[in-house]
1. Enumerate the pairs (first residue in region 224-241 and under 15 Å from V203 (Cα atoms); second residue anywhere and open to solvent by 100 Å² or more (accessible area, probe 1.4 Å) and among the acidic types (D, E)) with beta-carbon separation below 9 Å, excluding pairs fewer than 6 apart on the same chain, so at least 6 apart or on different chains.
2. Which members of region 209-235 meet the condition of being over 22 Å from R169 (Cβ atoms) and either open to solvent by 50 Å² or more (accessible area, probe 1.4 Å) or in a strand (DSSP E or B) (or both)?
3. Quick check on R175: is it surrounded by fewer than 20 Cβ atoms within 10 Å (Cβ to Cβ), of a type outside the set (G, A, S) and in contact with a strand residue (DSSP E or B) (Cβ under 6 Å, 6 or more places away or on another chain)?
4. Which pairs have Cβ atoms under 7 Å, sit 6 or more apart or on different chains, and link a residue in region 1-28 that is closer than 20 Å to T124 by Cβ to one that is among the charged types (D, E, K, R) and assigned to a helix (DSSP H, G or I)?
5. Being among the β-branched types (V, I, T), open to solvent by 30 Å² or more (accessible area, probe 1.4 Å) and touching a residue at least 40 places away in the same chain (Cβ under 8 Å) is the filter here; which residues of region 133-172 pass it?
6. Within region 188-208, can one find any residue that is open to solvent by 80 Å² or more (accessible area, probe 1.4 Å) and charged (D, E, K, R)?
7. Are any of the residues in region 161-173 part of a strand (DSSP E or B) and closer than 22 Å to M118 by Cβ?
Amino acid sequence: MLDESMRTAILKLHEGGHGVLAIARTLRVSRTAVRAVLRLSRNRLGDPPPAPRPVGEVAEELSRTLERIREESRRMGGPYAALGELLWEYTAEHVGELLAPVVGRDGRELFYRSDGRMMVVEVTTEPFPGFPTDLQAQTMVLMSVAEGVSVITETIFENRFMHAQELDRMGADIRLEGNRALIRGVKQLSGAPVMASDLRASVALVLAGLVASGTTEVSRVYHLDRGYEHIERKLSQLGAKIERVKA
């Protein structure tokens, strides 16, 4: 249980733009504890508390999804089967943190609460099993609309922040410092003409277009076809308003 001085320190660091991971490392507390303090602070400020979900219900839902991915990976065989098993094992190991449980009012039952806001992160790309560089661009899009300041450090490839400039065209607030990107979340991205520079940047800009207001036009989408064949069809099936047009 954190004392009042520790809770105050967490809030001050958060107000100063520090992410959950940085706060946890600085104060030597768990990330779960930091998130709990930040949630409690928001509720005290008058935000209506979200409807709780029993942690068992969320765990079952997550388990079913992972099982489908695992079975499909096994059917595909080869490296896909190994990847499915690794995903299963990694998620099982970190399931407590993923579910972000908090104690219910009765002091016994655990609930899963989502306040609809994304928390900022600090990530550094590393070789396996570290954070993959191939998710760096997509994560930058996500953090562009998160609450607070995120930091992404790229240690695998040079010049892999070319998508940052394109996201800035859409209203993102990103500052580059060498191999580090500082992303200050904004409430809304705006549609704009952007240009893809590689495979991962291509799909990142598509994702940015999906969450932006207005229309986004992504050029040089031939990069997409190297890893996301017919992505416009698949996203359309999920309800996205997306189409491929000839230049």
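The values are calculated or read from the model by the stated rules, or taken from the named source; none is laboratory data. These numbers come from a predicted model, not from an experiment. Heads up, the Cβs are rebuilt from the backbone with ideal geometry, glycines too, and the neighbour counts pull from every protein chain shown. Protein only, heavy atoms only, side chains kept; ligands, DNA and RNA dropped before computing areas. Shrake-Rupley method; radii C 1.70, N 1.55, O 1.52, S 1.80 Å.
1. E232/E243; S236/E243
2. To start, the set of residues in region 209-235 that are over 22 Å from R169 (Cβ atoms) comprises 225-227, 229-230, 233-234.
Answer for region 209-235, where residues must be over 22 Å from R169 (Cβ atoms) and either open to solvent by 50 Å² or more (accessible area, probe 1.4 Å) or in a strand (DSSP E or B) (or both): D225, R226, E229, H230, R233, K234.
3. Yes.
4. Pairs that qualify, where the first residue is closer than 20 Å to T124 by Cβ and the partner is among the charged types (D, E, K, R) and assigned to a helix (DSSP H, G or I), are V20/R31; V20/R35; L21/R31; A24/R31.
5. V145
6. First, pick out the residues of region 188-208 that are open to solvent by 80 Å² or more (accessible area, probe 1.4 Å): 188, 193, 195.
Next, only the ones that are charged (D, E, K, R) stay: none.
Among the residues of region 188-208, not one is open to solvent by 80 Å² or more (accessible area, probe 1.4 Å) and charged (D, E, K, R), which makes the answer no.
7. Within region 161-173, one or more residues are part of a strand (DSSP E or B) and closer than 22 Å to M118 by Cβ.
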